[in-house]
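The next block holds one structure in the form of structure tokens; read it before the comments.
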Amino acid sequence: MAHVNNDIKTYTGFRAITLLCLVVLYAPLVIVTIYSFNASQSITNWEGISLRWYADVFTGPESGKFKTAAFNSFTIAIIAATASTAIATLAATAMVRGGTFKLRTVSFGLISLPLMVPEIVTAVATLIFFNAIGFTRGYMTILVAHIAFCIPFAYLPISARMQGIEDSFEQAAMDLYATRRQAFTRILMPLMAPGIISGFLLAFIVSLDDFIITNFVKGAGVETLPTAIFGSVKQGIKPNIMAISTMLLSVSVVMVTISYFVSKSDNTK
Amino acid sequence: MAAGAASGGSARADTYKDARGWLLLPSWAVLGIFVLGPVCMMLVYSFLTKEFRGGVIWEFSLAAYDQFFFDRGLFGDEPPAIEWTYITIFWRSIWQAGAATLLSLLIGFPTAYFIATRPENARPMWVFLITIPYWVNLLIRTVSMKFLLRDQGPLNDFLIGTGLIDSPIHIVNTNFAVQLGLFYSYLPFMVLPVYAAVERYNFSLSEAAADLYASKWTTLRRIVLPAVKPGVVAGCILVFVPSMGSFLAPDLLGGAKNFMIGSLIEEQFKGNAGNWPFGAAASMVLLTMVLIILMFSARQQAKADKAGG
């Protein structure tokens with residue numbers, strides 16, 4: 001039975017296309033990673049393995065620029081992910097544990113707005129907004145914009161997790177005279193931990209990676225890693241850019257992997 | 001994807017019913033002030049008069065939309081004719097996004113189907129493998145694609161090395177390069193919803209079709225495809241919409257000739273053009289089109305939900 005069933009399900013060639021799909025997805029990343037270890041001065045010729053371009057990122061003529069950009073990127077990502085995760089957790093509590101209410105659909109629409117509006121439109125709108133209220137563009141404008149557009153990325157794993165938790169635990173705690181606040185902090189939050197961690201990590205990556213919105217709302221002279229990389233790439237791809245790209249790429253891959261195993265470990269519990 | 005998160009789980013309760021106002025307040029405030037507010041302000045700006053060297057004069061004007069759609073000659077006094085410049089850019093964006101969507105569907109559908117028919121405990125690993133590249137910085141992925149496709153790049157080296165071609169194929173700075181870049185950027189968005197739909201598909205329908213002597217490909221076309229259509233539509237939208245407004249792929253892979261609407265908008269704000277109302281109007285045209293597509297898909301989804309019981 002199972003065998004027959006399986007036979008009907010499978011199509012010749014689909015496995016090959018799947019492998020092709022994975023090759024397409026990974027080949028450019030793998031190749032840039034390999035070439036970031038190239039000893040050659042030019043990006044075209046392969047002259048053996050070396051860490052010189054990694055050293056160049058930290059000590060070369062552009063290292064000051066990259067360090068500042070990295071500092072901006074990481075501090076903005078940490079603050080934006082923390083703030084958006086906190087905001088998303090509160091919102092998810094209201095949406096999942098708040099019963100049905102009239103503005104529920106509107107709230108959900110508002111939370112998913114940054115996912116629906118094309119990024120370039122959000123970017124332009126934010127630029128216009130800061131300009132209209134006379135706010136000087138710089139570190140703060142980037143931070144505020146990042147907090148806003150990271151909210152849905154933090155919200156989705158958090159609300160998905162909360163939907164999977166029966167509220168009987170909280171009810172039991174409250175039957176035993178816990179206040180609602182205690183039920184929230186002592187019962188719901190610990191159970192929510194995997195969702196919150198994965199929400200935080202996704203928001204962190206999204207902030208760290210954003211180029212388009214940052215490019216519009218940043219002030220002159222304030223750079224994040226993606227805008228610094230873009231500025232360099234416009235003059236041609238250089239080996240040090242491949243080294244810095246590889247490092248940033250590794251951060252994302254590590255974060256997503258942690259996020260995956262956090263949520264996975266939880267399922268088996 | 002988004003709709004799924006909104007619909008309630010079995011465990012929904014109303015423990016925080018009377019506190020939901022202040023629980024929602026921070027998200028309402030942040031998103032209202034910094035996303036919804038700005039979009040409304042952008043709409044206002046599109047009806048203002050431009051100031052030279054960026055900025056606006058607070059005076060109502062239809063000039064931005066007029067410039068987008070109508071050509072009034074060099075001195076602006078001829079009767080309005082249709083302005084093809086921007087409509088061509090808009091059309092190119094639709095065409096490029098459409099080609100990228102089709103390419104993603106051709107690769108993404110079989111991939112999603114294949115993953116959904118793996119043993120249940122193996123599926124999350126496959127899905128994880130497909131999603132990892134999405135989380136790598138879009139700029140880095142686009143640059144990597146450019147590096148790979150260059151005339152002296154690894155792809156051409158490889159093809160020449162294997163004797164398949166004699167001289168490098170020029171891919172960078174063509175329409176095709178942009179399509180490849182968009183396809184590469186958003187391919188995971190195609191795989192995931194299609195996968196979710198195929199996973200829910202009841203394969204006993206395929207068995208029934210086989211019992212009635214339908215060939216496997218007929219079964220795929222006439223039974224499986226209609227059943228998973230909502231997932232396919234969702235995937236197409238998730239690839240098409242961001243592709244339409246994309247800026248990086250046309251900018252880095254397309255060169256100056258293969259301008260899309262994202263680049264047009266960018267130039268009004270960051271480049272030399274410096275016409276904010278016109279940039280805002282172009283953004284509004286893009287946003288309107290995207291909202292129409294999303295409304296259309298929401299209706300399709302609602303219809304499918306109803307049909308599915």
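Given a Förster distance of 35 Å, report the FRET efficiency between A:LEU176 and B:ALA122 from their Cβ-Cβ distance, rounded to the nearest 0.05. E between A:LEU176 and B:ALA122, to the nearest 0.05, is 0.25. To the nearest ten degrees, helix A:119-132 and the longest principal axis of the Cα atoms of chain A are 90 degrees apart. Altogether, the Stokes-Einstein calculation at 10 °C and 1.306 mPa s, with the Kirkwood radius of the stretch B:246-297 over Cα pairs as Rh, returns a diffusion coefficient of 135 µm²/s.
The accessible surface of chain A, taken with every protein chain in place and a 1.4 Å probe, is 67 percent carbon and sulfur.
Shape analysis of the stretch B:95-263 yields a ratio of the Cα radius of gyration to the Kirkwood radius, Rg/Rh, of 1.06.
Against chain A, whose longest principal axis is taken from its Cα atoms, helix A:189-209 shows a tilt of about 30°. Counting helices only, and only those DSSP H runs with n ≥ 4, report the 222 nm mean residue ellipticity of chain A as the sum of -39,500 (n - 2.57) divided by its residues, in deg cm²/dmol to the nearest 500. The helix contribution divided over chain A gives -24500 deg cm²/dmol. Over the stretch A:154-269, all Cα pairs binned in 10 Å intervals from 0 give whole-percent P(r) values of 12, 29, 24, 17, 12, 5, 1, listed from short to long. Along chain B, counting only chymotrypsin sites (Phe, Trp or Tyr not before Pro) with a DSSP assignment other than H, G, I, E or B and at most 10 other Cβ atoms inside a 10 Å radius, the longest segment between sites is B:76-212. Chains A and B together bury roughly 9500 Å² of accessible area, counting both sides, with a 1.4 Å probe on protein heavy atoms only. For chain A, the tally of Lys pairs with Cα-Cα distances below 21 Å comes to 7, considering only residues 8 or more apart or on different chains.
Accessible surface of chain B, 1.4 Å probe: 65 percent of it comes from carbon and sulfur atoms. Mean residue ellipticity, 222 nm, helices only, chain B: the sum of -39500 (n - 2.57) across DSSP H runs of n ≥ 4, divided by residue count and rounded to 500, is -20000 deg cm²/dmol.
Rounded to the nearest 0.05, the FRET efficiency derived from the C-beta distance between B:ASP66 and A:LYS65 at R0 = 41 Å is 0.45.
Based on Cα contacts under 8 Å between residues 6+ apart, chain A shows a relative contact order of 29 percent. With the convex hull of its Cα atoms as the shape, the stretch A:50-133 has an orientation-averaged projected area of 9.5 nm². For chain A, leaving out every one of the chymotrypsin sites (Phe, Trp or Tyr not before Pro) that falls in a DSSP loop and has at most 16 other Cβ atoms within 10 Å, the longest unbroken run is A:178-269.
Consider a paramagnetic label point 7 Å from the Cα of B:LYS270 along Cα→Cβ; state which residues of the stretch B:180-203 have an amide N under 20 Å from it. It comes to B:181-183, B:185-186, nothing else. Taken per residue, the accessible surface of the stretch A:56-265 reaches 37 Å², heavy atoms only and a 1.4 Å probe. With θ taken as phi - 60° and the Karplus curve 6.51 cos²θ - 1.76 cosθ + 1.60 applied, the whole-hertz 3J(HN,Hα) list for the stretch A:165-175 is 9, 4, 7, 5, 4, 5, 4, 4, 4, 6, 5 Hz, x standing for glycine and proline.
Backbone geometry of the stretch A:92-106 corresponds, through the Karplus equation with coefficients 6.51, -1.76 and 1.60 at θ = phi - 60°, to 3J(HN,Hα) couplings of 5, 4, 5, 6, 8, 10, x, x, 9, 8, 4, 8, 4, 5, 4 Hz, x marking Gly and Pro. The Kirkwood radius of the stretch A:105-211, taken over pairs of alpha-carbon atoms, gives through the Stokes-Einstein law at 25 °C and 0.890 mPa s a diffusion coefficient of 153 µm² s⁻¹. The C-alpha radius of gyration of chain B, expressed as a fraction of 2.2 N^0.38 Å, stands at 1.22. Phi angles of the stretch B:91-104 translate, via the Karplus equation with coefficients 6.51, -1.76, 1.60 and θ = phi - 60°, into HN-Hα couplings of 4, 4, 4, 4, 5, 5, 5, x, 5, 5, 5, 4, 4, 5 Hz per residue; Gly and Pro are given as x.
Compactness of chain A, taken as the C-alpha radius of gyration over 2.2 N^0.38 Å, stands at 1.24. Summarising the amide proton neighbourhood of B:LEU48: residues at separation of 5 or more, or on other chains, whose placed amide H is nearer than 5 Å comprise B:SER61. For the protein assembly as shown, the square roots a ≥ b ≥ c of the C-alpha gyration tensor eigenvalues yield an a/c under 1.5, which makes the shape rounded.
For chain B, what does the accessible surface come to per residue with a 1.4 Å probe? Please give it in Å².
Each residue of chain B exposes 48 Å² on average to a 1.4 Å probe.
The values are calculated or read from the model by the stated rules, or taken from the named source; none is laboratory data. Bear in mind the structure is a predicted one, so any value in this text is a computation, not a measurement. Don't worry about glycine lacking a Cβ; one is built from the backbone with ideal geometry, like all the others, and counts go over all protein chains shown. Side chains included, ligands, DNA and RNA excluded: accessible areas come from the protein's heavy atoms. Shrake-Rupley method; radii C 1.70, N 1.55, O 1.52, S 1.80 Å.
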